[in-house]
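These notes are about the structure you will find just below.
The values are calculated or read from the model by the stated rules, or taken from the named source; none is laboratory data. Predicted, not measured: the structure shown is a model, and the values here were computed from it. Positions of Cβ are generated from backbone atoms using ideal geometry, with glycine treated the same way; all protein chains shown enter the neighbour counts.
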Amino acid sequence: MPDKKKTRKKTGTQDTVGAPVKRPRGSKAAPRSRPKGGTRRPRVTRPPAPATRSKVDKPSAPGFRRAPLRLAVIATVYRYLSHAQHFVDRFLVGYPYEGEWRRPNTKVVSLFVDQTPAGDQSADRAHEFGFEVYPTVTQALRCGGPELAVDGIIIIGEHGDYKSNELGQILYPRYEMFKQCVEVFEAAGRSVPVYNDKHLSYSFEKAREMVADCHRLGFPLLAGSSLPVTWRLPDLELPYGCEIEEALMIGVGGSDAMDYHALEAMQCMIERRRGGETGVASVQLIEGKKVWRAGGEGRWSKRLLEAALSRSDSPRGLTLEDGRTQDLLGSGELMKLVEEPAAYLIEFRDGLRATLLMINGAVQDFCFAAKLKGQADPVSCQFFLSPTPNVTYSACLVAKIDEMLTTGVAPFPAERTMIVNGILESCLRSKHGGHKKLKTPHLDVFYQAPRESHHAQD
């Protein structure tokens, strides 16, 4: 693994899940405004029910089409294939979903972008679609005036040139951007719905504070990955209140971008278990030959790995050479193809064992398997990822953001993303500390998953 020091910078390209200022192409980024210095972050263990309706965004009477909701976009970068481009473009021109072309009843009115690298699209999009680019987060939310002037906020702190910490986490300023929004809410005496892309923060404590803020001020907060809402092959949803004996996820890509996606995909499945989510007792991240040894010792299930691999459409190796199908696990080819395996071993407080296996070199899919109590055979599925440049699975998440903006209610709780933040950070600490098993009493996160399904099905 490459040496990752505090001073090292990353571009974040691993993941492809006052007066207005219009900057010309190639101009320097405006200086980033920062929130005022920190207070001690509160501890939240049993949050209230999912966020209530926003004071601004209340549903209209049937048959009445209200004026478009005004959106502010807060992003690190806006360039080709960045998350800002994927998501914001769909609010500008619409997106395909459930067999139709959806045009959200929204209007992007303002943008703050922290960096403008080569290929920046922010100025061109602003000119084409008639919104303004502002030099600070606060001004973007107030549209250059003295008061909060938008009905919803989209924070996309993914991609860009930022430093990494000793755990290898890219220090995207998601928390700082969010806290500036909170300051505007507090000054205005009201709040609006917020979507925060992917991790809430690289820090679990910062993520906990962000979720506490949304409950304290009463605004809906949606966050996370596109994987929980994309199509599943086959269309699997675990029965609500089921008893899960063990779960396993396979994924590919680098840390901490792609392992995050895989962990959140697994969490959206297992959170439906009996008793709901009650937190994580311990984690351990192991690598190399120890991963296969742990499977032989029963620390993760080979039967579940077989079930997950059976859902993959992208086996590597001999399949690419002559088209043959492969039993990757049974033939031993899996161990040959994966040069640097990693296992994220997670023990939940209710006794559930779950494992993420990152198996770069063997497949290119994200697949899940679980053993349910009373069933002899595992259940399994693939989380379908459509190809670039359209990555249509992003439209599935845009539909959920649109739903929150329209109804004023987040379709699933931000606590899901918060606990995944904590699991990933703790696993990386295990790796950094010599791959030791770590107890995680701080991951005492309680929440209930929604009963209804929210992934794409049509």
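Worth pointing out:
- Condition met for Ala294 (within 30 Å of Val445 (Cα to Cα) and either touching a Gly at 6+ places or on another chain (Cβ under 6 Å) or not in a helix (DSSP H, G or I) (or both)): no
- Meets criteria (among the basic types (Lys, Arg) and either at pLDDT 95 or above or within 25 Å of the chain's Cα centre (by Cα) (or both)) for Arg66: no
- Residues located in region 182-224, provided they are within 17 Å of Ala149 (Cα to Cα) and in a helix (DSSP H, G or I): Val182, Glu183, Val184, Phe185, Glu186, Ala187, Ala188
- Residue match in region 344-351 (condition: buried (at least 19 other Cβ atoms within 10 Å of the Cβ) and assigned to a loop (DSSP other than H, G, I, E, B)): no
- Some residue of region 190-206 being among the basic types (Lys, Arg), touching a helix residue (DSSP H, G or I) at 6+ places or on another chain (Cβ under 6 Å) and at pLDDT 95 or above: yes
- Check on Thr388, assigned to a helix (DSSP H, G or I) and not charged (D, E, K, R): no
- Tabulated pairs, region 175-186, first closer than 10 Å to Ile74 by Cβ, second of a type in the set (A, V, I, L, M, F, W, C) and surrounded by fewer than 23 Cβ atoms within 10 Å (Cβ to Cβ), C-beta under 9 angstrom, 6+ apart or interchain: none
- In region 311-339, residue farthest from the chain's Cα centre (by Cα) [restricted to those that are assigned to a helix (DSSP H, G or I) and charged (D, E, K, R)]: Asp322
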